[in-house]
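One structure, as structure tokens, below. Some questions next.
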Amino acid sequence: MTEKTSRSSGDANGAPVTLSNKPGSFAWGVLAQRHPALIRQVRDAFPYGRQQYEALDALLDEMTNGVIEPLAPAEHDGERWAGWGQEYFGRSWHDAPFLWAESYFYRRLLGAVGYFGAGPWQGVDPFAPFKQAELRGEAVEGELRALDALASVPADERAAALLRASLWGNRADLGFRVSAGEPAAGGAAVSALVADDSVLLWQLLPAGSSATVAVVADNAGRELIPDLVLIDHLLERRHANQVVLHLKPYPYYVSDAMTADVVDCLRRLTEAPGEAGAVGGRLWKAMAAGSLEVRTHPFFCAPLPYQEMPEDLRGEFKSATLTILKGDLNYRRLVGDQLWDATAPFTDLTAYFPGSVAALRTLKSDVIVGLEQEALDALERSGAAWRTSGTHALIQVRR
């Protein structure tokens with residue numbers, strides 16, 4: 001892998017930052033295949049005007065044949081991105097750090113469709129049709145019906161099942177499914193956990209506690225619904241006195257959750273019969289009472305690791321009993337999107353985080369830490385693309 005500058009070659013520990021300039025690698029496939037496919041899907045999903053179509057075509061051409069262009073100085077965040085991208089403008093998209101390039105791609109896509117501009121497409125989520133189709137699909141219908149069977153099981157069994165549902169719901173990533181088949185579900189899910197600190201997670205949140213839990217959401221729809229059901233359980237069984245759900249301030253990574261997506265999911269729950277409807281009703285009341293609060297922060301759409309989070313966000317996480325980070329992107333930002341030795345200690349790489357933190361993630365990118373050597377050896381011998389296929393998952397916790 002070609003080394004660039006100190007920021008893009010690795011940190012003081014020497015772990016190279018993930019780039020996408022190696023043909024055939026997962027990161028290369030995202031930029032070379034998934035992103036162009038997504039541009040075409042967005043282009044076909046709306047009756048945009050000539051300006052939007054031309055801007056989308058120009059972005060596709062830039063990614064395929066050109067170099068990274070900066071935002072116009074007049075853009076509301078132009079100065080911020082000028083600082084973040086000063087080392088990368090003028091290079092091939094594949095030569096910028098993968099985390100930065102992915103994030104900047106979505107910022108440019110929103111700009112192309114007029115999301116931030118003063119015009120008729122301002123504030124129109126270009127990914128909304130994909131999210132809404134999934135939310136109203138048969139898969140969600142079946143998952144809501146399945147809640148009825150959990151209503152009468154013992155609380156500890158229900159808690160374990162809902163935690164697993166929230167974990168494996170992370171497979172419901174619309175961007176991931178642009179270029180990958182949906183992983184198989186079922187009984188193999190438990191054995192596919194490459195790390196499982198769930199016992200420690202529940203130790204940090206004993207029933208009857210006055211805990212505050214921060215949940216940093218990832219995907220909307222089929223992931224956000226089990227996240228909300230888990231949050232209901234935390235509140236209903238008094239594992240938490242308050243839950244703060246952190247969301248993206250604007251569309252990001254195709255399926256990432258915003259406030260509007262929470263509202264859509266709550267409506268989907270409340271409209272459902274049985275236990276799903278009861279959960280939705282309790283959550284609706286919890287939001288009104290303040291025991292469930294939603295917040296957003298610009299940092300959640302920044303191309304930066306959590307180690308560079310601003311002080312106000314650091315203060316929020318410090319005050320929480322536990323922060324739960326959902327999904328692959330949050331994991332990459334938590335430990336650093338670098339090619340770490342997979343046995344590097346999770347606790348060491350997250351020691352900077354201001355408070356106890358848990359990562360719930362299905363594996364959809366190369367970075368991973370905290371594995372036991374024996375488990376790693378077995379995974380490597382399997383010959384499967386276990387790091388990137390979404391068929392394996394982890395629950396990792398640092399007190």
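The values are calculated or read from the model by the stated rules, or taken from the named source; none is laboratory data. From a predicted model like this one, the values you see are computed outputs, not experimental measurements. Virtual Cβ from ideal backbone geometry, glycine too; neighbours counted across all protein chains shown.
Return yes when residue 304 is assigned by TED's automatic domain parsing to the domain that holds residue 387, in contact with a His (Cβ under 8 Å, 6 or more places away or on another chain) and over 20 Å from residue 198 (Cα atoms) and no when it is not.
no
Can you say whether residue 328 is within 28 Å of residue 28 (Cα to Cα) and either touching a Leu at 6+ places or on another chain (Cβ under 8 Å) or not aliphatic (A, V, I, L, M) (or both), as far as the supplied structure shows? If you could, list the steps in order and put the result at the bottom.
Working: within 28 Å of residue 28 (Cα to Cα): yes; either touching a Leu at 6+ places or on another chain (Cβ under 8 Å) or not aliphatic (A, V, I, L, M) (or both): yes.
Spelling it out, residue 328 is indeed within 28 Å of residue 28 (Cα to Cα) and either touching a Leu at 6+ places or on another chain (Cβ under 8 Å) or not aliphatic (A, V, I, L, M) (or both).
Looking at region 147-261, what helices (runs of 4 or more DSSP H) fall wholly within it and have at least 1 residues that are of a type outside the set (Phe, Trp, Tyr), over 30 Å from residue 39 (Cβ atoms) and modelled with pLDDT of 95 or more?
Details: elements: 155-168, 188-191, 198-204, 224-236.
Where helices (runs of 4 or more DSSP H) fall fully within region 147-261 and carry at least 1 residues being of a type outside the set (Phe, Trp, Tyr), over 30 Å from residue 39 (Cβ atoms) and modelled with pLDDT of 95 or more, they are 155-168, 198-204, 224-236.
Considering each residue of region 120-143, count those that are at negative phi and either of a type in the set (A, V, I, L, M, F, W, C) or not in a helix (DSSP H, G or I) (or both), and give that number.
15
Quickly run through region 29-86 and pick out the residues that are small (Gly, Ala, Ser) and farther than 19 Å from residue 301 by Cβ.
The initial filter retains those residues of region 29-86 that are small (Gly, Ala, Ser), namely 29, 32, 37, 45, 49, 55, 58, 66, 72, 74, 78, 82-83, 85.
Result: 29, 32, 37, 45, 49, 55, 58, 66, 74.
Any residue that is within 18 Å of the chain's Cα centre (by Cα) and among the hydroxyl-bearing types (Ser, Thr, Tyr) - is there at least one of those in region 245-252?
Yes, region 245-252 contains a residue that is within 18 Å of the chain's Cα centre (by Cα) and among the hydroxyl-bearing types (Ser, Thr, Tyr).
Do you know which residues across region 295-313 are surrounded by fewer than 17 Cβ atoms within 10 Å (Cβ to Cβ) and in contact (Cβ under 8 Å) with a residue 24 or more places away in the chain?
295, 296, 298, 304, 307
Anything in region 317-347 that is more than 22 Å from residue 197 (Cα to Cα) and crowded, with 19+ Cβ neighbours inside 10 Å? List them, or say none.
Correct list: 338 only.
I need every pair where a residue in region 365-382 that is farther than 17 Å from residue 16 by Cα and free of Cβ contacts under 8 Å to residues at least 40 places away in the same chain has its Cβ under 7 Å from the Cβ of a residue that is among the polar types (S, T, N, Q) and surrounded by 12 or more Cβ atoms within 10 Å (Cβ to Cβ), sequence separation at least 6 or different chains.
Cβ pairs passing all conditions: 373/343; 376/343.
Yes or no: region 86-94 includes at least one residue that is closer than 24 Å to residue 259 by Cα, at pLDDT 95 or above and among the aromatic types (Phe, Trp, Tyr).
Of region 86-94, the ones closer than 24 Å to residue 259 by Cα are none.
No, there is no match, as no residue in region 86-94 is closer than 24 Å to residue 259 by Cα, at pLDDT 95 or above and among the aromatic types (Phe, Trp, Tyr).
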